[in-house]
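The numbers here are math on the coordinates, done by the rules we state, and not lab data. It should be emphasised that the depicted structure is a prediction, and the values quoted were computed from it without experimental measurement. Cβ placement follows ideal geometry from the backbone for every residue including glycine, while neighbour counts extend to all protein chains displayed.
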Amino acid sequence: MPTAKESKDISRRNFMKVAMGGAGLVTANEILRPDLLASTGKSVNTTMIGVPFAARERVRLGIIGVGGRGTSLLQDLLAIENVEVKAICDLLAEKVARAQKAVTDAGQPQPRGFSKGEWDFKNLTQLELDIVYIATPWDWHVPMAVSAMKNGKHAAVEVPACTTLQECWDLVDTSEATRKHCVILENCCYGSNEMMVLGMVRDGLFGEITHGEAAYLHDLRSILTSSEGEGLWRRSPHMKRNGNLYPTHGLGPVAHYMDIHRGDRFDYMVSASSCEASLSAYVKAKFPEGDSKRSEKYICGDMNTSIIKTQKGRTILLQHDVVNPRPYSRLNSILGTKGAFADYPPRVFVDGPKQEDWQTVGAFRDKYEHPLWKTTGDLARKMGGHGGMDYIMNYRLMDCLKRGLVPDIDVYDAAAWSAPTPLSETSVAQTGAPQKFPDFTRGKWNVRSDSAPFALQT
Ligand SMILES: NC(=O)c1ccc[n+]([C@@H]2O[C@H](COP(=O)([O-])OP(=O)(O)OC[C@H]3O[C@@H](n4cnc5c(N)ncnc54)[C@H](O)[C@@H]3O)[C@@H](O)[C@H]2O)c1
């Protein structure tokens, strides 16, 4: 949902892509954005890879969207030292009031509230804040993150960060032009197992990595058809798009294992969807004749399966299924020349003369548990959000802001991990034809000297 000005920016860039790409002088990625240049005075297309936050004693924070997810993020943030929640925005005044009360109950002054319509978030982004958290429906992520960055704030966006390739580029362009980070809040990268497996990969336990498996397999049928919360908006994409609607929970951790944007990058993907059956069957079984849901037509196949090939020749199996009855899994597997990790349940195989079966991950915990989980794990588990990974993510992001560190996850990750939605959709529509990933890093996926999100800087 771009504003009139943002639509003008987009159509101007599309025009320049055609005009300049045809002349063979520059690629689409190299086009300058004078509109952004004028407002910042900085050169566009200067990378945000490896750019540290400015250190600060306190983090002043605003949150847009305090539904299910925003409320949970707020609870974590209120438990972190020297984080001041200064502003809250939601369409619904009662949700803003509830969040304001949570802040005052935690002993902080009442934050400013914004609930005067869909675009009131623009007033929040003009306050004196360091970072804006965005936990709204998917279509709103990009206008909100762009508004935050253009007003001089870092943006922390819920998953997926964006849903079209144009939106991916809008985030990258704006982050580079404004010199503000746009972080995707991919909590699964901060899971205890995921951070431990990253340590194992870095230590060479699995040898040279060749293949990974990532997924979001979660029976969301009752949530999708609820008359509140995500039921109000999350079913709609199932009527409009056929592909992987929610790629980042599985893909983020595997991208870290494979050093994506730290020596490798996603090159292309192919995708196919099964037929649709489960959501429509559920709706027919659960809702009586006459319920408007029964006339909805879902086009998203129940199971979408993609294969991503990386520049270095590795493969990633990527799946999406939120409608079939089955236990939860993100697959979360990684395979190399010396061994493998597979999740659900978590298990490790290391090649050797005596090794014939999986070992439980527990046998490796002493050596490989991440220091953040060692020091903060008990509190994180007590806070609860997704087994503690939410608190670790929020704690770590606030710590990076306070200490002036490079964020673990940047706008290039946000764009590349979210891009499988439009790329799978196109591939499915073209009977599985390969789709190239844009190089959101503009050729800099191989230059980073710190090959380690959250490992080297702790
Ligand atoms: N990382 C995770 O584990 C996780 C878990 C759940 C949801 N999410 C993500 O979080 C986001 C929010 O999901 P949710 O479950 O909280 O949904 P929700 O429907 O419970 O909450 C969304 C909130 O956004 C508000 N909103 C909508 N449009 C707005 C606007 N223009 N201005 C201000 N507020 C607006 C709504 O009123 C609502 O309160 C989604 O992107 C979702 O994918 C992530």
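Picking from G207, H370, I49, whose Cα lies most toward the positive end of the charge dipole for the chain (charges on Cβ: Lys, Arg +1; Asp, Glu -1)?
I49
Only Lys, Arg, Asp and Glu count, each charged at its Cβ (+1, +1, -1, -1), so figure out the dipole size of the range 238-308 about its Cα centre, rounded to 20 debye. Don't jump to the answer; show the numbers that get you there.
Numbers: 9 positive and 8 negative charges, 49 e Å.
Dipole about the Cα centre, nearest 20: 240 debye.
Using θ = phi - 60° and the Karplus form 6.51 cos²θ - 1.76 cosθ + 1.60, what ³J(HN,Hα) does each residue of the range 65-73 get, whole Hz, x for Gly and Pro?
So the Karplus estimates, Gly and Pro as x, are x, 10, x, x, 6, x, 5, 5, 4 Hz.
Mind checking which lysines have their C-alpha under 17 Å from K374, skipping anything on the same chain fewer than 8 residues away?
Straight-line reach from K374, under 17 Å: K382.
Can you give the charge dipole size of the chain about its Cα centre, rounded to the nearest 20 debye, using +1 on the beta carbon of Lys and Arg and -1 on the beta carbon of Asp and Glu? Working shown, then result.
Details: 55 positive and 53 negative charges, 142 e Å.
With Lys and Arg at +1 and Asp and Glu at -1, about 680 debye.
May I ask you to derive the relative contact order of the chain, considering only C-alpha pairs under 8 Å and at least 6 residues apart, and to give it as an integer percent?
Numbers: 920 pairs, mean separation 92.4, N = 458.
With pairs under 8 Å counted, the relative contact order is 20 percent.
At Q110 and K338, where each label point lies 7 Å from the Cα along Cα→Cβ, what is the point-to-point distance in nanometres?
In this crude spin-label approximation the distance works out to 6.0 nm.
What shape does the range 355-436 have by the C-alpha gyration tensor, where a ≥ b ≥ c are the square roots of the eigenvalues, rounded means a/c under 1.5, and otherwise prolate means a/b greater than b/c and oblate the rest? Walk me through the numbers before you get to the answer.
Working: a/c = 2.62, a/b = 1.44, b/c = 1.82.
Oblate, since a/c reaches 1.5 and b/c is not below a/b.
May I ask you to evaluate 6.51 cos²θ - 1.76 cosθ + 1.60, the Karplus curve with θ = phi - 60°, for each residue of the range 266-280 and list the ³J(HN,Hα) values in order in whole Hz, giving x for glycine and proline?
After applying 6.51 cos²θ - 1.76 cosθ + 1.60, I find 5, 9, 8, 9, 10, 8, 9, 10, 6, 5, 8, 8, 6, 5, 5 Hz.
Which three extents, in whole angstrom, do the alpha-carbon atoms of the chain cover along their principal axes, largest first?
Largest to smallest, the principal-axis extents are 65, 59, 57 Å.
Cross-link list K309/K436; K95/K240; K86/K122; K95/K116: which exceed 18 angstrom alpha carbon to alpha carbon?
Values: K309/K436 10 Å; K95/K240 29 Å; K86/K122 15 Å; K95/K116 12 Å.
With Cα atoms farther than 18 Å apart: K95/K240.
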